[in-house]
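For reference, the structure is listed below as structure tokens.
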Amino acid sequence: MPGKTPLREGRNEISWMEVHEVMVRRSNAHPPTILLIGDSILADCGFSDPTMLNLSHPGDRIGNACWRLLDKRLNLGKVKAAFVLIGTNNVLINNQDQMRSQFRDLLRLLKAAIDPNARIIVSTILPRADKPGVDLSVLVGTRNQAVLAASQAERVESTDLAALFADSSGALKLDLYQSDRLHLSPEGQYLLRAKVTNVLLGLRP
């Protein structure tokens, strides 16, 4: 295990493990060529391409994604492209240095699990609304510096999707978000899904 990234991070609920077992079975029944790693943002987007495996689950943190990738039962050797969008659940509990270290751990595990010539694209954390007494726009900005630094250190591609979901002043495009201003609305999910499939991975929707 590289670094000191915590793994399960409290994900001991039966439903979480059941979903992981489904992911394992799916990877072996239909070995994916495209891999998605994330939390609820990607899990809720409704990707349906049969060549994809979505290793995303609501509430997941970076360490949970590391734990999944350590499971050698996952059949990921044919993956040619991977898209990573995770970290919003780490913003309030990990500082910038911890985020950079954890992301490097994640990317090392990912590179070891998939085709060595695969394309890896890391997205910065999407904009989200502030909480009382917490300027999340600032926190997300500093954590995204860590995400980009880790991506550069591990020599993988990165992309910043903030402009899709916020205007030039940083204000959220509210029609793309649910009422919690964290999760995406159906319109926001469609936009992200189209961006990932069409532009980043070169797939048809």
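The values are calculated or read from the model by the stated rules, or taken from the named source; none is laboratory data. These figures come from a predicted structure and were not determined experimentally. All Cβ positions, even for glycine, are placed from backbone atoms using ideal geometry, and neighbour counts span all protein chains on display.
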Region 113-122, subset touching a strand residue (DSSP E or B) at 6+ places or on another chain (Cβ under 8 Å) and crowded, with 20+ Cβ neighbours inside 10 Å, residue nearest to ASP71 (Cα to Cα): ILE114
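Could you list, in sequence order, all residues of region 25-66 that are among the small types (Gly, Ala, Ser) and in a strand (DSSP E or B)?
Step one: filter region 25-66 for residues among the small types (Gly, Ala, Ser), giving 27, 29, 38, 40, 43, 46, 48, 56, 59, 63, 65.
Correct list: GLY38, SER56.
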Considering only region 87-106, how many residues are over 19 Å from GLU157 (Cα atoms) and either of a type in the set (A, V, I, L, M) or over 11 Å from the mean Cα position of the chain (by Cα) (or both)? 9
Which condition from (1) surrounded by fewer than 18 Cβ atoms within 10 Å (Cβ to Cβ); (2) modelled with pLDDT of 95 or more; (3) among the small types (Gly, Ala, Ser) is the one that ALA171 breaks? (2)
Mind counting the residues in region 76-112 that are crowded, with 18+ Cβ neighbours inside 10 Å, among the small types (Gly, Ala, Ser) and within 25 Å of ARG25 (Cβ to Cβ)? 2
So which residues in region 72-97 are closer than 14 Å to VAL140 by Cα and either in a helix (DSSP H, G or I) or of a type in the set (Val, Ile, Thr) (or both), if there are any at all? ILE86, THR88, VAL91, ILE93, GLN96, ASP97
Within region 54-73, which residues are surrounded by fewer than 23 Cβ atoms within 10 Å (Cβ to Cβ) and without any contact (Cβ under 8 Å) to a residue 40 or more places away in the chain? ASN54, PRO58, LYS72
Looking at region 125-155, which of its residues are surrounded by fewer than 21 Cβ atoms within 10 Å (Cβ to Cβ), within 18 Å of the chain's Cα centre (by Cα) and in a loop (DSSP other than H, G, I, E, B)? GLU154, ARG155
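A quick yes/no check of all residues on (1) modelled with pLDDT of 95 or more; (2) within 14 Å of the chain's Cα centre (by Cα):
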site	(1), (2)
PHE47	no, yes
LEU53	yes, yes
GLY63	no, yes
ASN75	yes, no
LEU85	yes, yes
ARG108	yes, no
LYS111	yes, no
Scanning for something free of Cβ contacts under 8 Å to residues at least 24 places away in the same chain and touching a Leu at 6+ places or on another chain (Cβ under 9 Å), does region 89-105 turn up at least one residue? no
